[in-house]
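Read-outs throughout are calculated quantities, based only on the coordinates presented, and are distinct from any laboratory measurement. Since the model is a prediction, treat every value here as computed from it, not as a measurement. Positions of Cβ are backbone-derived with ideal geometry, glycine not excepted, and every protein chain shown enters the neighbour counts.
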Amino acid sequence: MRVTLVLNGDARTLDVDTTERLCDTLRERLDLTATHVGCSEGVCGACTILLDDTPARACLALTVQCDGARVETLEGLTPADALSPAQQAFVQHGAVQCGFCTPGFLAVIEGLRRQGDAASWDEATLRRELSTVACRCTGYDGIVRAARAVLQPTP
Amino acid sequence: MEPVYHAPGTLDEVLALLAIGRGEARILAGGQTLVPLLFRVEDEPHTLIDLRRIVPLRAIDATATQVALGAMVTLQAAELALRTSLPQVAAALRCVGTAPIRARATVGGTAALADPWAELVTCLHALDAELVLVAEGRERRVRAIDFFHGIRRTARQPDELLRQVVLPLPVPGERHAYHEFTVRESGGKARALAFARRRDGRTTLTLAGERLMPLRVDGTISAAQAALRHEDPSARALLLRVAGQALAMLDEETDPCA
């Protein structure tokens with residue numbers, strides 16, 4: 001099947017298998033390996049990318065379903081020679097240990113930033129939204145602090 | 001072998017494809033349940049029919065007495081649409097997976113794939129919702145209690161498309177309460193869902209679990225105990241705890257997602 005994705009801002013036309021998952025197209029066909037694959041059933045969130053601005057599990061989308069859609073991976077969310085503000089916040093707040101889940105968290109946080117209503121959320125709401133990705137090593141406090149620094153900046 | 005993929009633009013084309021599919025076509029809605037299933041050897045379909053281009057299936061139609069949700073309405077959109085009219089159904093839908101899942105999972109996919117632990121399936125069962133099935137040249141409405149035959153088994157015929165689910169709105173004085181509890185443990189999880197409904201003075205309780213399709217009983221713990229007597233003891237204990245909570249909530253407002 002021929003599909004066109006707007007991938008990190010560039011239109012890419014590809015021939016893919018019918019049952020090819022978006023995460024496999026990204027990693028295997030396009031060598032965009034920032035998208036990590038953990039559970040393959042949508043639970044762990046490591047493969048979360050932005051699909052038309054909304055966080056989505058790349059392991060639960062067939063690439064053919066995404067024909068015409070805008071797909072953004074961590075490669076596209078990262079400036080060429082620097083860290084994004086969210087990545088800087090992760091470093092500053094100790095939100096990374098092994099880093100396996102980090103691309104998923106960064107996609108979720110970017111989705112929340114674009115959605116725009118996180119600025120007024122209380123702690124419980126912020127934690128619930130961040131719980132859509134599973135971290136296996138840091139515990140979540142550093143991640144919550146980093147997310148708060150990005151989504152609820154104090155002037 | 002790779003299935004043949006279709007993304008038709010009209011409902012008529014979908015029904016034509018289903019009619020020639022001889023039961024070997026799978027319908028793809030949001031894919032949040034189906035995509036992992038496609039990688040099981042026993043589940044290799046011949047044809048995949050993607051509904052993403054059928055815009056009318058995303059419609060939400062509300063009247064004074066009912067809300068009809070098209071098959072491609074996402075659980076996120078359904079949750080928003082039902083917050084005022086059916087707040088406990090909206091609360092149940094907020095318990096589904098995580099936000100990225102709710103943004104893509106659909107009403108039709110969730111109902112048609114009939115997972116016992118699916119919040120929507122329990123709500124449809126509890127509220128006596130109707131499911132609208134269409135095929136070439138025919139249409140029928142099936143009550144939820146007759147639609148869900150078992151785990152992943154429904155009344156849908158191979159040439160039929162689940163087009164819409166129709167939820168009745170509460171009558172004056174009607175009350176609802178939803179509660180669920182999930183225990184994750186090594187090797188799996190245990191889950192219990194309960195929807196309590198009081199209508200015209202009569203209370204019913206709809207219970208479902210990890211391997212228990214929704215079951216409706218009179219709204220008392222003793223009725224639930226009797227109905228669950230063949231369940232294994234730990235599943236039964238969890239179901240009874242959640243049932244008790246839903247019954248208690250009928251008279252108060254509480255967070256349904258524990």
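About its Cα centre, the dipole of chain A is roughly 340 debye, where the only charges are +1 on Lys and Arg Cβ and -1 on Asp and Glu Cβ. Computed about its Cα centre, the charge dipole of the protein assembly as shown is approximately 820 debye, with only Lys, Arg, Asp and Glu carrying charge at their Cβ.
Measuring between their Cα centroids, region A:4-42 and region B:138-191 lie 33 Å from each other. For region B:45-95, the Cβ-based charge dipole about the Cα centre amounts to some 100 debye (Lys, Arg positive; Asp, Glu negative; other atoms uncharged).
Each label point was placed 7 Å from the Cα along the Cα-to-Cβ direction; for residue A:122 and residue B:128 their separation is 3.8 nm.
Listed from fewest to most Cβ neighbours within 10 Å, the set A:41, B:231, A:28 follows the order A:28, A:41, B:231. Contact order for chain B, expressed relative to its length and based on alpha carbon pairs under 8 Å spaced 6+ residues apart, stands at 17 percent. Partner shielding of B:33-40 amounts to 4, given as the average count of beta-carbon atoms from other chains within 10 Å of each residue beta-carbon. Neighbours of residue A:63, meaning other residues whose beta-carbon lies under 9 angstrom from its beta-carbon, give a summed charge of -2 when Lys and Arg score +1 and Asp and Glu score -1.
Placing a pseudo-label 7 Å from each Cα along the Cα-to-Cβ vector at residue A:82 and residue A:97 gives an inter-label distance of 3.1 nm.
In this simple spin-label model, placing a label point 7 Å from the Cα along the Cα-to-Cβ direction at both residue A:1 and residue B:184 gives a separation of 3.0 nm. Each residue in B:160, B:24, A:72, B:252 was given a count of other beta-carbon atoms within 10 angstrom of its own, and listing them fewest first yields B:252, B:24, A:72, B:160.
Inter-chain Cβ neighbour count for A:55-62, averaged per residue, equals 6 (cutoff 10 Å, partner chain atoms only). A DSSP coil position with no more than 14 other Cβ atoms inside 10 Å describes the following trypsin sites (Lys or Arg not before Pro) in region B:69-113: B:83. Per residue of chain A, the DSSP helices (runs of n ≥ 4 H) give a summed -39500 (n - 2.57) that works out to -8000 deg cm²/dmol at 222 nm. Overall, the anisotropy analysis places region B:135-189 in the oblate class: the square-rooted eigenvalues a ≥ b ≥ c of its C-alpha gyration tensor yield a/c not less than 1.5, with a/b not exceeding b/c.
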